[in-house]
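The values are calculated or read from the model by the stated rules, or taken from the named source; none is laboratory data. Only a predicted model underlies this, so the values are computations on that prediction, with no experimental measurement involved. Virtual Cβ from ideal backbone geometry, glycine too; neighbours counted across all protein chains shown.
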Amino acid sequence: MSDNFSTKLSFYKEKVVISTVIFLCLLLSVTFPVSDSIQSISRSIFFLIILPILYIKLISKETLSSWGWIKPNKISGLFLSLILLALGSVLFFLLIRFVGFSSHYQVPLFAKNSFADFLLYELFFLNVYFFSQEVFFKSFVLFAFKQFSAWAVLIQSGLYLLVLLISKDLSWQTTPFIFISLAGGWLTYKTKSFFYSYFFGLLFIITLDAYIISLAK
Amino acid sequence: MKTKMKSYKKYFSGAVLAILFFTQTAFPAKAAFFGSTSFDPMDAANELIDGFGIDRDTMNSSIQTYNVSPNKEISPQVSLNFSPTNPQLGDKVTVTATPTYFINDTKKMYFTWFLKQNGCDQTNNPNSAQRTKCDLNNDGRVNIEDYKIKAMRIIANNDFVWENADYSHSDGNSSYRAAFGGDDQRGKNAYCYLRDITSGEVYAIDCNTHLFPDAPHENTGDGSFGRNEESFWHTNPTIADTTQSGNTDEANVAGLGLDSFTWSYDSGDKIGVVVEGIAVSTTQTADSSFKTMWAAPKGMCYKNSAADFKNVSSLNDCLYDNLTSPSENSASSSKLEVSLSYSPTSPINDPNNVTDPNLSLGDDITVQSAVNNANDNNYLQYSWEAFASDDPSPDSWGSPLPKSSLPNSTQMEGLGLDTFKFKLNLHNPKKYLNIKLTVKESTGDGNYREGHTNILIPIKSNDDVLSTFLTTATNVSAPHISMASEICTSAIESALCPIVKNKIIGVKIPQGNLTDFLWTVDGKPFTYSSCFFDGCNLSKQTNVAYFPALKEVGEQYIIGLTAINQTTNEKVSLSKTFKVVDPSIAISSLNSNTCKPVQLGNYIDLNGKSWPDYSTLNFWGLSNSSIQLQASTVNFPSSGNVYTWIVDGNAIDATTAPAFGYSVDANGVLTLPSKKTGEGYNVTATTIYSQDEAALAALNKYWNISYDQFYEKNITKDIIITMQDGVSIASSATPKKILATIYTSLPSYLTFILRITLTMIIILFGSQLILAFFPSIKREIK
C-alpha cells in the first residue's frame, strides 16, 4: 500500500513537473525578450526543440526514440499519412468551395511572386516554425502524457488550441494547423513516431498554399 | 388572149407606178419633203432620225445592247458566311447562306445543304470503311446524295435520340409537298431554267424533280413522310416537327427556309448549299409563273455548257464543284491581322561601346505586335526580321540583318514571341530600320494561317540629342550667361525635364554638320535683343539657346529645334519637353549600410526595365549605428546653399549640435548617434531658394521680367528614420553587407544565447531538483 502510494505520488509529481516545464517552454517561447527576427527564430528553436530534448535526455534519462523520434519506415504509417492527406484535402476543398476559406487564408505576398520564393517560404520559414511546433507538441507534450493513451492526443491538441486562444491567433489562418494538430496527433499516437505527422503536415500545408495561390491567379 | 393582154396591162401599169413612185416623179410633194431629187430610203430614215436630234451611233449601240440584254441578266446567287471562320476540331460551326437575285422571301425558298466529310470522296466503289461512314443511302456509291443526306439528316434530327425511338409507326403529320420555285409558288406552272455562265443564254430544263436528298425508295417533298422516312432521317416519329422550328420533318429535309446550318467541325469537312427559288426574270408564258432556278456559292454548272443539262436531276453533277471549307470560303478573314508598334517613339542610337552594349546609352527598342483575329495567341509562330536602309522606301531592303548585329536582341523566331527587343547600339547605323514580322497559326488540319506586316523605325544618332543645362550668370551690369551642370540625363527626366520657375535654362546641340538652326519655344522662334552668351549671333541662331522658365508650376514648355544637315542636306527636327516644378531639396544618407530610404517597390518602364522606387520620407536606420545625413538641391544649382537642420523638433547648427549629442561638419553633413530598435529620428532640412543678382539682372534685361516678380522661398524636406535590426535593413543588401550586418549584431546575439541558455539551465536544474526526491517511473503506452 505504501509502495503503491509512493508510486502514485511519484507519478503525479513527475506529471506536475513536466507540465510545469511545458508551460514554461510555451510561455518563454512567446515572452522571452528578443530584439530581431533571428533571435525570435532562435527562441523558438531553444524553447520548443532544444529544451524538450535536454529534458528527455537529462531529466527523464530516456532515449529520444521512446519520445517519438523514430525513423518513419513503416508502410502502415505512410498509408495512414496518405489517408489523412486525402481527408484533409477533401475537407479544405469543401471549406474553399462552400465557406470561402481561400478569401480568409493568406499566403505571404512574396511567396506568390516566384516558385523559388515559394519554396524558400515553405521549406525554410514555414518549415522551421512547423518543425519546432511538431517536436514540442507531437513529441514532448504527447509522449509526456502517453500514460493517458489516446487522451494524450486531445491534451496536446487542446494545449495548442489554448495557446492560439490566448495569443488571439485563432482564425481561418490557423485552421489548417488545428487540423494538423488533431490529425497529426492521432497519426503520432498510432505510429509512435512524430515524423509521419511532420511530413504529412508539411506536405498538406505546401499543397494547400499552392492551391490557394493557383486560385488567386 | 384578151385575158392575157389584160394581165400584161395590169403588170405593166403596176411596174410603171412602182417606177414612178420610187423616182418621185409622180409625187413632187414627197420629193420636196425628203429634199432630194432622187429618193433613198436609208437617207430618208437617217434624215428623219437626225431631224429628231438622235445620234445614230448611239442609237445603234443602244439597240445592240438591248438585243443582248437577256444574256446579261444576273442569275440568282448565294454566298456563304462561316462562324467561326477558322474553326478548330470539334468547334460548332454555323454557315449562313445569303441568296440574292431571287424574288422569294428566304423563308419560302429551299436550301439543300450537303456536307462532305474527310475520306468521303466521290466513288462508285467505296471500300468497307467508306461504305460504313459515307454511303448513307446504301446504294453502293458515295456521291452528292450521301453528302446531302449527311447534312439534312443533321438538320432534321436536331439532336433527337433516334436510337431509342420506336419507328414502327409515324405520327402521320410530318409530310410536306414541295412546289417548284419555292413554297410561295404553289399552284403555278413550273418552268425550270439554267443559265449558261459563258454565253448568258438561259436554257429551259425539264422540271423532273427537286434537288432534295431522298431516302431509299422515297421522294422528299412528295407530301408523304412515313415511318420509313422518319427512321431514315432520324426524326422523332411521335411529333411532326422534330426541330421545333415550325417546319414539318419533311419540310426540314426539303430545306424550306433553312438558310443556316450548324454542325460539329471535323478536319477536312467541306460544305455546300444549293438554293431553289424563282429568278427575277419572268417566263414568257401567258400565266403567273416565274423562272425556277438554282443557285450555288460558286455558280451553277459553270464548268459546262448549260445546253448539256436537260433536266433538274442532272444539276447534281454540278454540286461537287460547290463544296467549300470554312477557311477556303473566308480567304480574307483567314489571313492573320498583324499590327506592330514600337517604343520609344524617337529612338536614339549610340554608336559607342559596341563591344559592350550594356555600357551603351542607346535606347532599348521594343517592337510590340498584336494579332487581332488569332484563335489562340499563345500558339502563334513568330518570325522577326530586321532590315536597314538610308532610304525609307528603297527598291529592295536587301538581306535581313543577322541577330548578331542587333545587340541584346531577343529571340527572333519561335512560339509566342509577340515582342522583339534590341538595343540601338549600331556602329554605322542606317537611317531607317524596317522590322518585319510574319505570324503563322496552325489551323489544325496541317494548314497554316499567316499574316505579316512591317514597321519603319527612323533612327536618330546620339549626336542629334538636345542637352539641357542649368546656367550661371555673372556681371550684374551686363549679365553674361553660361552653362553650368547638365540636367535631365536620366531616361525618365529626359522625357519630361523638370525645371524651376524663374531659372534660365540652356539648351544645346553639338554643332557637327548642322546649320540653319531655328529654335522655338512652344512653336515661337527664340529672339534676343542683344547677345549675352558665348556662341551668340544676333543675325542668325546657333547651336546654343537660352530660355527663362516663367510659367507657373505644372505648366510645360516644348522647345523645338530644326536644322539642316550639310552632309545629307536633310532637315533635322528635335524637341524636348520641360515641366515647371517647385524647387526642392533632398536628404540622403552618406552610408547606405547604416541608413537608407525604404524601398516601396519597383517601377517598370516601357522597355520592361525595373527601377527601384524609394520612399523620400521614410528611412531605415541600423540600430546601434550612427547615421550621417546630407542635404542637397534637386533641381536648381546647389552652390551657396546653407541648410538648417531640425532634429526631433530641435533646430541645430554646427555650434548647437554637440549640446544634443549631434554634430554638423564643415560640409553640412549631420551626424546622429545610434539608437535602439524601434526608436527613430524626425529630421528636417531647410534652405532658402533665391536667384543670384546677376541672374535677376539677366532676366530683367533680356526678357523684361520686372524685379517684383522674383521671390525668395523657404524649402524644407522632412524624413522619418526608424531604427531596425540588421536583418531588416540588410534585406536587399549584397552578401558582403549581410555578413557585415551579422558581424555588427553578433555581440548582442551572443548575449541573447547566453541568456536563453542560462534560462534553460535553471529550468532543467529546477526540474531535476524536484524530481530528485522521488524515484523515477517509466511506463509505456498501454
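Total residues in the stretch B:199-211 satisfying the condition of being surrounded by fewer than 16 Cβ atoms within 10 Å (Cβ to Cβ) and touching a helix residue (DSSP H, G or I) at 6+ places or on another chain (Cβ under 9 Å): the figure is 4.
A quick yes/no check of all residues on (1) of a type in the set (Gly, Ala, Ser); (2) out of contact with any His (no Cβ under 6 Å at 6 or more places or on another chain); (3) not in a helix (DSSP H, G or I):
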| position | (1), (2), (3) |
| --- | --- |
| B:262 | no, yes, yes |
| B:276 | no, yes, yes |
| B:307 | yes, yes, no |
| B:320 | no, yes, no |
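Close contacts from the stretch B:441-453, counting a first residue that is over 14 Å from residue B:370 (Cα atoms) and among the hydrophobic types (A, V, I, L, M, F, W, C) and a second that is modelled with pLDDT under 70 and surrounded by fewer than 17 Cβ atoms within 10 Å (Cβ to Cβ), with Cβ to Cβ under 9 Å and a gap of 6+ residues or different chains, come to none at all.
For the stretch B:545-561, the tally of residues that are out of contact with any Asp or Glu (no Cβ under 8 Å at 6 or more places or on another chain), surrounded by 15 or more Cβ atoms within 10 Å (Cβ to Cβ) and in a strand (DSSP E or B) stands at 7. The residues on offer are A:40, A:76, A:60, and the sole one that is within 11 Å of chain B (Cβ to nearest Cβ), over 20 Å from residue B:751 (Cα atoms) and either surrounded by 19 or more Cβ atoms within 10 Å (Cβ to Cβ) or modelled with pLDDT under 90 (or both) is A:60. Counting only residues that are under 16 Å from residue B:320 (Cβ atoms) and part of a loop (DSSP other than H, G, I, E, B), the stretch B:280-299 holds 4 of them. Within the stretch B:78-99, track down each residue that is in contact with a Pro (Cβ under 7 Å, 6 or more places away or on another chain) and either surrounded by fewer than 19 Cβ atoms within 10 Å (Cβ to Cβ) or small (Gly, Ala, Ser) (or both). B:79, B:85, B:91, listed by residue number. Among the residues of the stretch B:753-760, is there at least one that is modelled with pLDDT under 85, more than 7 Å from chain A (Cβ to nearest Cβ) and more than 15 Å from residue A:21 (Cα to Cα)? Within the stretch B:753-760 (the criterion being modelled with pLDDT under 85, more than 7 Å from chain A (Cβ to nearest Cβ) and more than 15 Å from residue A:21 (Cα to Cα)), the answer is no, since none of the residues qualifies. Say whether the condition of being of a type in the set (S, T, N, Q), over 48 Å from the mean Cα position of the chain (by Cα) and in a strand (DSSP E or B) is met by at least one residue in the stretch B:211-231. Taking every residue of the stretch B:211-231 in turn, none turns out to be of a type in the set (S, T, N, Q), over 48 Å from the mean Cα position of the chain (by Cα) and in a strand (DSSP E or B). Put simply, of A:45, A:70 the only residue that is in a helix (DSSP H, G or I) and either facing another protein chain (nearest Cβ under 10 Å) or of a type in the set (A, V, I, L, M) (or both) is A:45. Considering only residues in the stretch B:684-725 that are surrounded by 19 or more Cβ atoms within 10 Å (Cβ to Cβ), in contact with a Leu (Cβ under 9 Å, 6 or more places away or on another chain) and among the β-branched types (Val, Ile, Thr), the one that is farthest from residue B:593 (Cα to Cα) turns out to be B:719. Looking at this structure, is residue A:65 in a helix (DSSP H, G or I), more than 10 Å from chain B (Cβ to nearest Cβ) and either surrounded by fewer than 16 Cβ atoms within 10 Å (Cβ to Cβ) or hydrophobic (A, V, I, L, M, F, W, C) (or both)? The answer is yes for residue A:65. Can you say whether residue B:159 is surrounded by fewer than 17 Cβ atoms within 10 Å (Cβ to Cβ), modelled with pLDDT under 90 and farther than 14 Å from residue B:230 by Cβ, as far as the supplied structure shows? Yes; evaluated as a whole, the condition is true for this residue. In the set B:85, B:98, B:112, B:94, only one residue is of a type in the set (Ser, Thr, Tyr), within 17 Å of residue B:264 (Cα to Cα) and assigned to a strand (DSSP E or B); that residue is B:94.
Candidates in the stretch B:628-675 are the residues that are touching a Pro at 6+ places or on another chain (Cβ under 8 Å) and surrounded by 15 or more Cβ atoms within 10 Å (Cβ to Cβ); of these, the one that is farthest from residue B:548 (Cα to Cα) is B:662.
The residues in the stretch A:13-37 that are in a helix (DSSP H, G or I), farther than 17 Å from residue A:146 by Cα and within 10 Å of chain B (Cβ to nearest Cβ) can be counted, and the count is 4.
Spot the failing condition for residue A:163; the list is (1) in contact (Cβ under 8 Å) with a residue 24 or more places away in the chain; (2) out of contact with any Asp or Glu (no Cβ under 9 Å at 6 or more places or on another chain), and only one is missed. Looking at each condition in turn, residue A:163 falls short on (2). The residue of the stretch B:446-457 that is nearest to residue B:565 (Cα to Cα), among those that are surrounded by fewer than 17 Cβ atoms within 10 Å (Cβ to Cβ) and at pLDDT below 85, is B:448. Scanning the stretch B:360-379 for residues that are touching a Leu at 6+ places or on another chain (Cβ under 6 Å) and part of a loop (DSSP other than H, G, I, E, B) gives B:362, B:363, B:374. In the stretch B:212-267, the residue that is surrounded by the most Cβ atoms within 10 Å (Cβ to Cβ) out of those that are under 20 Å from residue B:92 (Cβ atoms) and of a type in the set (A, V, I, L, M, F, W, C) is B:258. Is the stretch B:681-702 home to any residue that is of a type in the set (S, T, N, Q), in a loop (DSSP other than H, G, I, E, B) and within 14 Å of another protein chain (Cβ to nearest Cβ)? No; the residues of the stretch B:681-702 include none that is of a type in the set (S, T, N, Q), in a loop (DSSP other than H, G, I, E, B) and within 14 Å of another protein chain (Cβ to nearest Cβ).
Within the stretch A:108-131, is even one residue free of Cβ contacts under 8 Å to residues at least 24 places away in the same chain and among the polar types (S, T, N, Q)? Yes, there is a match, as at least one residue in the stretch A:108-131 is free of Cβ contacts under 8 Å to residues at least 24 places away in the same chain and among the polar types (S, T, N, Q).
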